Amino acid sequence: MDVALDAARAAGERGEVPVGAVLVDPDGKIIAVDGNRTVETSDPSAHAEMLVIRQACRQAGSERLAGHDLYVTLEPCPMCAAVISNARMRRLYFGALDLKSGGIETGPRIFTHPTCHHAPEVYGGIGEVEAADLLKSFFAARR
């Protein structure tokens, strides 16, 4: 999660909402790291999770990432949760809850729907305080 927090800090320094993600292969090797890039790319889907999943799928030559683990500093939104499910991730670790836009433990809880094809193991609250502080500081500076 420390690497994801570093990616979140870098995103914040670029003027992006400070969210970072790290994707780890079944052997525990980091294969993708990124932070939000929605502003930079003018792409509302360029969330940190989406970027690392896209990169890992390209590297794997597959749309499936079975056995892979995703670390992200903020609870994924419903869009990212659906992609995590479709990629067949093994585990999801996230930091802070997203009470406004979350899709895992708040909001629509995508993995609990009967139409969800795959639900990874989910572990929330990892690095929660630091992740939440990054977000609070970022938004406080903009008010």
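The values are calculated or read from the model by the stated rules, or taken from the named source; none is laboratory data. Just so we're clear, the structure is a prediction, and the values are computed from it rather than from any experiment. Here the Cβ positions follow ideal geometry from the backbone for every residue, glycine too, while neighbour counts run over all protein chains shown. Note: accessible area is taken over every heavy atom of the protein model, side chains too, but ligands, DNA and RNA are not part of it. Shrake-Rupley method; radii C 1.70, N 1.55, O 1.52, S 1.80 Å.
Observations, loosely collected:
This table checks each residue for (1) more than 14 Å from residue 18 (Cα to Cα); (2) in contact with a Phe, Trp or Tyr (Cβ under 7 Å, 6 or more places away or on another chain); (3) in a strand (DSSP E or B); (4) of a type outside the set (Gly, Ala, Ser).
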| site | (1), (2), (3), (4) |
| --- | --- |
| 55 | yes, no, no, yes |
| 84 | yes, no, no, yes |
| 102 | yes, no, no, no |
| 134 | no, no, no, yes |
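- Unique residue being surrounded by 24 or more Cβ atoms within 10 Å (Cβ to Cβ) and either assigned to a loop (DSSP other than H, G, I, E, B) or within 12 Å of the chain's Cα centre (by Cα) (or both) when the list is 21, 46: 21
- Per-region count, region 69-102, residues touching an Asp or Glu at 6+ places or on another chain (Cβ under 6 Å) and surrounded by fewer than 24 Cβ atoms within 10 Å (Cβ to Cβ): 5
- Restricting attention to region 57-82, the residues that are in a strand (DSSP E or B) and among the charged types (D, E, K, R) add up to 1.
- Checked across region 104-126, the condition of being over 17 Å from residue 22 (Cβ atoms), surrounded by fewer than 21 Cβ atoms within 10 Å (Cβ to Cβ) and in contact with a Cys (Cβ under 7 Å, 6 or more places away or on another chain) holds for no residue.
- Sub-6 Å Cβ pairs linking a first residue in region 106-119 that is within 13 Å of residue 92 (Cβ to Cβ) to a second residue that is at pLDDT 95 or above and open to solvent by 60 Å² or more (accessible area, probe 1.4 Å), at least 6 apart or interchain, are 118/88, ordered by first then second residue.
- Number of positions in region 28-43 that are assigned to a helix (DSSP H, G or I) and surrounded by 13 or more Cβ atoms within 10 Å (Cβ to Cβ): 3
- Of the residues making up region 1-11, those that are of a type outside the set (D, E, K, R), in a helix (DSSP H, G or I) and open to solvent by 20 Å² or more (accessible area, probe 1.4 Å) are 3, 10.
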